[in-house]
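Quick notes on the structure that follows.
The values are calculated or read from the model by the stated rules, or taken from the named source; none is laboratory data. For clarity, every value in this text was computed on a predicted model and none was experimentally measured. We place every Cβ from the backbone using ideal geometry, glycine too, and count neighbours over all the protein chains shown. Note: accessible area is taken over every heavy atom of the protein model, side chains too, but ligands, DNA and RNA are not part of it. Shrake-Rupley method; radii C 1.70, N 1.55, O 1.52, S 1.80 Å.
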Amino acid sequence: QVQPVESGGGLVQAGGSLRLSCEVSGRTLTLYTMGWFRQAPGKERDFVAAISFSGSPTYYADSVRGRFTISRDNAKNTVYLQMNNLKVEDTAVYYCNAGTRVAAGSPSSGAYWGQGTQVTVSS
């Protein structure tokens with residue numbers, strides 16, 4: 001059983017930064033392409049960023065490109081999302097996904113999801 005677990009969410013002022021972490025248990029991280037998605041209440045779950053098996057290439061949604069950076073540390077079985085210059089519109093629950101179709105920005109069939117971590121950006 002592959003179990004992604006997110007952490008690092010919280011409340012931050014607009015313009016500030018947060019770093020989310022996703023630790024994956026069950027199998028080594030090198031077996032999976034990884035992605036971050038987010039969902040606000042009443043909204044669809046949207047693609048944020050994705051990363052290939054060894055860390056390159058990476059992909060970003062237009063709304064976060066230049067502000068967010070996805071990275072991975074396979075030795076720690078952990079994927080990170082560094083979020084800088086946060087905006088109120090970034091407020092959402094952020095989900096980690098193992099098995100992302102990275103170029104398409106969508107989860108593959110049979111992909112694994114974490115339970116999410118709340119990010120709230122205040123003005």
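If you check N97 against the conditions, is it closer than 17 Å to Q118 by Cα, among the polar types (S, T, N, Q) and touching a Ser or Thr at 6+ places or on another chain (Cβ under 8 Å)?
No, not satisfied.
Could you check how many residues of the range 88-108 are touching a strand residue (DSSP E or B) at 6+ places or on another chain (Cβ under 6 Å), of a type in the set (D, E, K, R) and either surrounded by fewer than 18 Cβ atoms within 10 Å (Cβ to Cβ) or part of a loop (DSSP other than H, G, I, E, B) (or both)?
Step one: filter the range 88-108 for residues touching a strand residue (DSSP E or B) at 6+ places or on another chain (Cβ under 6 Å), giving 88, 90-102, 105, 107-108.
This time we only want the ones that are of a type in the set (D, E, K, R), so: 90, 101.
Narrowing further to those that are either surrounded by fewer than 18 Cβ atoms within 10 Å (Cβ to Cβ) or part of a loop (DSSP other than H, G, I, E, B) (or both): 101.
So the count comes out to 1.
Tell me which strands (runs of 3 or more DSSP E) are completely within the range 1-85 and hold 3 or more residues being in contact (Cβ under 8 Å) with a residue 12 or more places away in the chain and open to solvent by less than 50 Å² (accessible area, probe 1.4 Å), or say none if there are none. If you could, list the steps in order and put the result at the bottom.
Values: elements: 3-7, 10-13, 18-25, 34-39, 46-51, 58-60, 68-73, 78-83.
Per the criteria, 18-25, 34-39, 46-51, 68-73, 78-83.
For every residue, the table says whether it meets (1) modelled with pLDDT of 95 or more; (2) over 16 Å from S106 (Cβ atoms).
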position	(1), (2)
G16	yes, yes
S21	yes, yes
G26	no, yes
T30	no, yes
S56	no, yes
A61	yes, no
R67	yes, yes
K76	no, yes
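Please give the number of the condition R101 fails out of (1) within 19 Å of G8 (Cα to Cα); (2) out of contact with any helix residue (DSSP H, G or I) (no Cβ under 7 Å at 6 or more places or on another chain); (3) in contact (Cβ under 8 Å) with a residue 40 or more places away in the chain; (4) of a type in the set (D, E, K, R).
(1)
Return yes when S54 is of a type outside the set (K, R) and in contact with a helix residue (DSSP H, G or I) (Cβ under 8 Å, 6 or more places away or on another chain) and no when it is not.
yes
Of the residues that sit in the range 109-122 and are hydroxyl-bearing (S, T, Y), at pLDDT 95 or above and open to solvent by 30 Å² or more (accessible area, probe 1.4 Å), which one is farthest from P41 (Cα to Cα)?
S122
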